[in-house]
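What follows is a short report on a single structure.
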């Protein structure tokens, strides 16, 4: 098993799209450029969804065009459909991500489409991406529970993950979108998916709603996963809003990895400083415990 | 391995002694009585240390005398020396706890005594407790790191734990006082101690300074530990003060246990409500993610 863990920093996208406080385009660009300087290898920059759905990221094209693209760092963006793919490609995007839920109820509520409909919508994107030399990452959400249907059968998680992988996604990110999972369930879910898809093509994505994200990640690392999604400053949703749930903080993940003797190439003090700077923009304290602790020392 | 995990609720003692905001005696009594109603089996009520050291708990005798002592629930109190033991016994205490660090530097800085001096000071307490039919719990602090000496050799942790056990402590609580540990170190530490003392006589005690407490607890549960210390609302130290570090929140521990299929007999909604009530008294939001999440639903 490799000792290197790649962190996929999702703060600028998954984080900011769920924050109530608007962030100026110039600050989003500054955020990504600061993150680029910490040693992170993958930074999800923005989402080319309709501004009607996610007004927070209406400036996707300006953000992507404005960031400094450093060699060796991937800057994927989310695309919900071909129109989003077109907009992303128009500004030179080289990697995209598509997303669907493992829960039928969640997918219908949030995208107005069934899972199979979502998958069908991705097929032309995957085809065009292959022709364009664009890499595609696949997100599966609600893998450990759904706010509408409750339990999500493991078989559904496996089916959706396999479909995305067979369609050509080079990596499948398995997301506990509402942060309800605990280590035993997380392990069983990862094992079930890894029985069908190579572990090297899997990533885990936890939200910290119930404070279990780091424990879940530690367990999945034990199982062999080597790609972890996280958001600087634990961005993504105010802890007091109904159903809200921030992403696990990248700072806390890096601290965990260092303690486990795993490499990720990220400079922790610099990442924590960026997290506190972002928290300031969002008008709150950083949700990263490491970010708080390092500020106090 | 048993499926029952006993939570030792340390909020009224370890929590409140590290909070800046003073809590009225009547509120401390109400806190313990509320906790007694949640199903907790052990609630550390207060500390009979000198009020000059810990002014927050100067009302130890009043608190202990005021609480409703329910059958089947233990209400241990901390005693630093024979004088504390006398004061505790004068109000009818049936279980006490003694504490020393595994780090010589920490023990000298915080108690003005070397470890061996502390251990020698406990001997008459243990002798008298045995004669009085009083149970004694032993705390070993700084088991995964020390703010003064940095690394703490495992051999020192084992030596101090063994000394307390041999002296007659029925249970040894292993504390990551400054919350710096990660799962690999936590596992190695627990294994080293468990090689000398039966696992059934060990407890773990984590602070959440770097967000790793739940992951460390999950790992120690895997190793077989079945007693976990925690504090409702994550009480104990403001996250912005230098070196401060709250205890892991009891609510988050209960959520973890439920997810792992382990019993603890605690009513989570009622515990979370008590945690939010305490946070209100302390003039802040609860530090428990579960407490926040349940409030939002």
* Given (1) crowded, with 19+ Cβ neighbours inside 10 Å; (2) within 25 Å of residue A:64 (Cα to Cα), where does residue A:107 come up short, assuming only one miss? -> (2)
* Kindly provide the set of residues from the range A:30-52 that are surrounded by fewer than 22 Cβ atoms within 10 Å (Cβ to Cβ) and either touching a residue at least 24 places away in the same chain (Cβ under 8 Å) or in contact with a helix residue (DSSP H, G or I) (Cβ under 7 Å, 6 or more places away or on another chain) (or both), ordered by number. => A:33, A:34, A:36, A:37, A:39, A:41, A:42, A:50
* Asked: Does the range B:143-159 hold any residues that are touching a helix residue (DSSP H, G or I) at 6+ places or on another chain (Cβ under 6 Å) and modelled with pLDDT under 95, and which are they?
  -> B:146, B:148, B:149
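Residue-wise test of (1) part of a helix (DSSP H, G or I); (2) more than 14 Å from every other protein chain (Cβ to nearest Cβ); (3) touching a helix residue (DSSP H, G or I) at 6+ places or on another chain (Cβ under 7 Å).
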{"residue": "B:108", "(1), (2), (3)": "yes, yes, no"}
{"residue": "B:122", "(1), (2), (3)": "yes, yes, yes"}
{"residue": "B:125", "(1), (2), (3)": "yes, yes, yes"}
{"residue": "B:128", "(1), (2), (3)": "yes, yes, yes"}
{"residue": "B:165", "(1), (2), (3)": "yes, yes, yes"}
{"residue": "B:180", "(1), (2), (3)": "no, no, no"}
{"residue": "B:185", "(1), (2), (3)": "yes, no, yes"}
* Asked: Looking at (1) part of a loop (DSSP other than H, G, I, E, B); (2) surrounded by 19 or more Cβ atoms within 10 Å (Cβ to Cβ), which is the only condition residue A:148 fails?
  -> (2)
* Structure fact -> A careful count of residues in the range B:70-98 that are in a loop (DSSP other than H, G, I, E, B), in contact with a strand residue (DSSP E or B) (Cβ under 9 Å, 6 or more places away or on another chain) and under 20 Å from residue B:40 (Cβ atoms) gives 5
* To do: Working only within the range A:270-297, note down all residues that are closer than 14 Å to residue A:35 by Cβ and free of Cβ contacts under 8 Å to residues at least 40 places away in the same chain.
  => A:272, A:273
* Checking residue B:39 against (1) at positive phi; (2) within 16 Å of the chain's Cα centre (by Cα), which single condition isn't satisfied? -> (2)
* Of the conditions (1) in contact (Cβ under 8 Å) with a residue 24 or more places away in the chain; (2) on the phi > 0 side of the Ramachandran plot, residue A:211 clears all except one; give me its number. => (1)
* To do: Only helices (runs of 4 or more DSSP H) wholly contained in the range B:193-285 count here; list those with 3 or more residues that are touching a strand residue (DSSP E or B) at 6+ places or on another chain (Cβ under 6 Å) and either within 9 Å of chain A (Cβ to nearest Cβ) or farther than 15 Å from residue B:19 by Cβ (or both).
  => B:213-223
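Yes or no, residue by residue, for (1) over 25 Å from residue A:285 (Cα atoms); (2) modelled with pLDDT of 95 or more; (3) surrounded by fewer than 24 Cβ atoms within 10 Å (Cβ to Cβ):
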{"site": "B:161", "(1), (2), (3)": "yes, yes, no"}
{"site": "B:198", "(1), (2), (3)": "yes, yes, yes"}
{"site": "B:213", "(1), (2), (3)": "no, yes, no"}
{"site": "B:245", "(1), (2), (3)": "no, no, no"}
* Is it fair to say residue A:295 is modelled with pLDDT under 95, assigned to a helix (DSSP H, G or I) and within 11 Å of chain B (Cβ to nearest Cβ)? -> yes
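The values are calculated or read from the model by the stated rules, or taken from the named source; none is laboratory data. Note that this is a predicted model, so its numbers are computed, not measured. Reconstructed Cβ throughout: ideal geometry from the backbone, glycine too, with neighbour counts over all protein chains shown.
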